[in-house]
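The structure appears below as structure tokens.
A short reminder: the numbers here are calculations on the coordinates, not readings from a lab. Since the structure is predicted, the reported quantities are computational estimates derived from the model, not experimental observations. Virtual Cβ from ideal backbone geometry, glycine too; neighbours counted across all protein chains shown.
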Amino acid sequence: MLTSDIDQKSRLWNIGDSVFEAAPETGARLMRWRYRGREVLHWPNDAASDEIAEVWGGNPILFPFPARCFVEGEPYRWISPDGISRPMPMHGIARQGTFLVTAESRTAFTATFQPEQEARQAYPFLYTFSVTYHFSANGFTCDLVLENNDTQAIPWCAGHHFFFALPLVPGLSRSEHSLSIDADRACVAGLSTKGRIVDRAPFKSPVTLDEPGLADAVIHCALRSHEAVLNSETGSMSIVVRHQRSVLADAHAAFVTWSPADAPFYCVEPWMGPSNATEHGHGLHYVAPGERAAFSVEVEARLSAPDPSEDARTSRPRAGI
């Protein structure tokens, strides 16, 4: 583990073919990941170190709830178990929060959330929330762990927001990338529906990244596989995102797909359940007093021998993504 020359708030982990950069104390944010010299997680070069929480890049931690919570159509609020309507920021309270590094090694770190007044008002429980990354030569695992130190059950529905860099192979357009998610259901539950779950026709897998509507914060659930695979047309580069296998018993565990049309990234996000779980209840989990629960994911990069056509692709004008 090394301190980054780029940003004093971040640290570098060099492991085999991978270099990881993270800011453990600032939202427990994994910022960058390069594999065999290729950018896998997007992070804008002009991102300011004091604005990490707002950056579109890396992996923001979505805790205790992803996206927006609603109360009768009003966003950014939820009803806690005591019946009180409380504020809840977009994607929860962790991505902009302060963490304390409680364990660190050459291949891993654990950071524990230090809730301040705003976070305590939004999520009024006694708990310990920690984020642990284990890095390897071609990927990582991330464990979100919630320990209940309270006398009442604590609700949560956490998630990840991976910003994967595009194109996977230089010169490829979005139509030359595909995503495989084996799911029986697709839906949305955002501003346009005021938090209500509205079903959409499931996408046939694999689906190309230019498929209309795929990037509109679609929630893919009723999963038949714990894996989502982002692949290049040449087959030389792919990224695999895995839920913990136990989620297959949960019909509400999800992958979410989102991206602006011309962005240099594409988000494939494993969530415990749909957004606004606090109101509709689907995917909302509870941790009993004195118990602990974990939500774990794994991300792996695969790079095969270069396709013979890649040299030609890198020399042609780059297609829009």
Open item on the list: Just to verify a number: FRET efficiency for L12 and T128, C-beta to C-beta distance, R0 = 30 Å, to 0.05?
Closed with: 0.65
TODO: Let me have the relative contact order for the range 100-238, percent, based on Cα pairs under 8 Å that are six or more residues apart.
DONE: 19
TODO: Would you please put 105-118, 57-70, 198-211, 12-25 in order of how densely packed they are, using the mean number of other Cβ atoms within 10 angstrom per residue and starting with the highest?
DONE: 57-70, 12-25, 105-118, 198-211
- [ ] Identify, among I79, F113, P66, the residue whose Cα sits farthest towards the positive end of the charge dipole of the chain, taking +1 on the Cβ of Lys and Arg and -1 on the Cβ of Asp and Glu, with the dipole about the Cα centre.
- [x] P66
TODO: Report the charge-dipole magnitude of the range 2-304 in Debye, nearest 20, computed about the Cα centre from +1 at each Lys and Arg Cβ and -1 at each Asp and Glu Cβ.
DONE: 360
Task: Which of T26, T128, T141 has the fewest Cβ neighbours within 10 Å, and the rest in rising order - done: T128, T141, T26
TODO: Please work out how much length the chain gains when fully extended from A108 to Y76, using 0.36 nm per residue of separation minus the C-alpha to C-alpha distance, in nm with one decimal.
DONE: 8.2 nm
TODO: Output the relative contact order of the chain, whole-number percent, from Cα pairs under 8 angstrom with separation of 6+ residues.
DONE: 18
